[in-house]
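Here the structure comes first, spelled out in structure tokens, and everything after it is commentary.
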Amino acid sequence: MKSTEIREAFLKFYESKGHQRVASSSLVPGNDPTLLFTNAGMVQFKDVFLGQESRPYKTATSSQRCVRAGGKHNDLENVGYTARHHTFFEMLGNFSFGDYFKREAIKYAWEFLTEVLQLPEEKLWVTVHISDQEAEDIWLKEMGVSAERFSRLDEDNFWQMGDTGPCGPSSEIFYDHGEDVFGGPPGSPNDDGDRYIEIWNLVFMQYERSASGQAELPNPSIDTGMGLERIAAIMQGVHTNYEIDMFQALLQAVAKETGATDMEDKSLRVVADHIRSCAFLIVDGILPGNEGRAYVLRRIMRRAIRHGNKLGASSAFFYKLVATLVKEMGDAYPELVEQQAQIEKIILAEEQQFAKTLENGMAILNAAIDDLQDNVLPGDVVFKLYDTYGFPVDLTNDIARERELVLDMEGYELAMQAQRQRSKGAGSFELDYNQSFKMEGSTEFTGHTDSTAEAKVVALLVE
Ligand code: ATP
Ligand code: MG
Ligand code: MG
Ligand code: MG
């Protein structure tokens, strides 16, 4: 089954159960400055769940474009390393606003997987929240799921959109890709491997989290999300998302435009992933820049450009991938077709700008790495790359990780402070280094100069 056929089969299935088909909303959440990007299908319905907005329907279905590249759900660092994570992906979902609850949500999902898609039950594993006896009974007694492929988990089965907003216990459905792949079943020590891949999350929306605590929602509701690329991988008999139909033309185009010959190179996947998020963020009105959402876009673009460079591209290549993306996804997203020329122009401009410093920055970085006595890249190098060569810190970190190095973030912060002192002393304007970074295994650095309240919130969410 092609990806587009799966998307359509899903929406039709829920329409046949009385759901209203609702179009994907923008990647920029319309009414929520606390959220960096739309990271799930429920985002456009947030106020409906909270009882603050009403719609002419009580159940809905959608295929939502999502970006997870910052904030609570950030998969940027996973891209190229796991079989299942993208920065941009499509989430298929069904929603009940105070209409049906757990039983129907579970029944519908099981029917879709085992009857419409005809997946064998022995391949499907299920988890519920540790406290959820009701969901366990529905799965084991009513759906007949084997207790061997079922478990109760804690944090993994409590879903929240962000630090605030609607949330609730969840039930996750996994697919076993077979013993050739590393990874243990959900809840086991190796469950972050890629053998048992989570395909669908059913959230039993019951609470709202706010700064003051957790309260019951006016009506228990349902929010589900299934990654289109993950279910397509299963239906197409492949293991990773990058082997599905939607990615083939893109990967070929990346190889062609960069001159790469090794089709297994993970950089190919990173670039193919990143052109999707970059193009769709531009479609939704984001331009590369130095703050908040704009800076996230710039970071993704520069990572992609660096990976392309590594694959062998010696001149602008990234913008050329837009044409292939439009061919692949233009039918589902007409706005992509309409804005093709504009998207190309914006990406090309960023490529031209970064090209001026990328090569010199890489030379400096390589020289610094050659000089290393240990595996820690000094903070002043990280700062110089950032300050003079336009390398976002996570880009430097991406390169460091490939070479099994870590960044000295404390040293970076000190270099940044020294720079601030110097610019104050010189009486010049404050520079625009307003990002907040927190990277695993490193110290936190918080920048300055937020121009608006929203930028402040968003900057905090940029991890
Ligand atoms: P994982 O544990 O694999 O990171 P998740 O629990 O974070 O997934 P959810 O927040 O439950 O994911 O999102 C609902 C569904 O969306 C997932 O079951 C999965 O099919 C899909 N999905 C989530 N993150 C990604 C991603 N980065 N790329 C592609 N699909 C994703
Ligand atoms: Mg995740
Ligand atoms: Mg999960
Ligand atoms: Mg999940």
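Just so it is clear, none of the values below were taken in a lab; they were calculated from the coordinates. Note that the structure is a prediction, hence the values are computed from the model and not measured. A quick note on method: Cβ atoms are made from the backbone with ideal geometry, for glycine too, and the neighbour counts reach across all protein chains shown.
Observations, loosely collected:
- Remark: the Glu53-Arg103 segment gains 15.5 nm on full extension, using 0.36 nm per residue and subtracting the alpha carbon distance.
- Above-threshold pairs, the threshold being 32 Å between Cα atoms, out of Lys58/Lys141; Lys72/Lys256; Lys107/Lys327; Lys2/Lys102; Lys46/Lys384; Lys12/Lys327: Lys72/Lys256; Lys107/Lys327; Lys46/Lys384
- Positive-pole candidate from Gly390, Ala367, Ala400, dipole of region 363-421, charges at beta carbon: Gly390
- Angle in degrees between helix 245-258 and the longest Cα principal axis of the chain, rounded to the nearest 10: 10
- Taking the fewest neighbouring Cβ atoms within 10 Å as the starting point, the ordered list for Val376, Val296 is Val376, Val296.
- Those chymotrypsin sites (Phe, Trp or Tyr not before Pro) in region 292-339 that DSSP places in a loop and that have at most 14 other beta carbons within 10 Å: none
- Net charge contributed by nearby residues that have their C-beta within less than 14 Å of Glu404 (K/R +1, D/E -1): -1
- Each Lys or Arg adds one and each Asp or Glu subtracts one; over the other residues with Cβ under 13 Å from the Cβ of Lys345, this totals -2.
- Modelled label reach - Gln352, point 7 Å along Cα→Cβ, region 306-342 residues with backbone N closer than 15 Å: 315-320, 342
- Dipole in debye (nearest 20) - region 276-349, about Cα centre, beta carbon charges: Lys, Arg +1; Asp, Glu -1: 540
- Rounded tilt (10° steps) of 379-389 against the dominant C-alpha axis of the chain: 80
- Applying 0.36 nm per residue to the separation of Met263 and Asn219 and subtracting their alpha-carbon distance, the gain on full extension is 10.8 nm.
- Between helix 340-371 and the chain: long-axis angle, C-alpha atoms, 0 to 90°, nearest 10: 60
- A crude spin-label estimate for the pair Leu372 and Asp192, with each label 7 Å from Cα along the Cβ direction, gives 2.0 nm.
- Sparse-neighbour loop sites [chymotrypsin sites (Phe, Trp or Tyr not before Pro); region 68-138; at most 13 other C-beta within 10 Å; DSSP]: Tyr81
- Shape category assigned to region 73-134 from the gyration tensor of Cα positions, a/c cut at 1.5: prolate
- Selection from Asn157, Ser3, Ser146, by position along the positive dipole direction of the chain (Cβ): Ser3
- Treating r as the C-beta distance of Gln419 and Asn360 and R0 as 22 Å, the FRET efficiency rounds to 0.70.
- Three-way shape label, region 132-206, alpha-carbon gyration tensor, a/c 1.5: oblate
- Under 5 Å between amide hydrogens, built in the peptide plane, is the criterion, and for Ala69 it picks out Asp75 among residues at least 5 positions away or on other chains.
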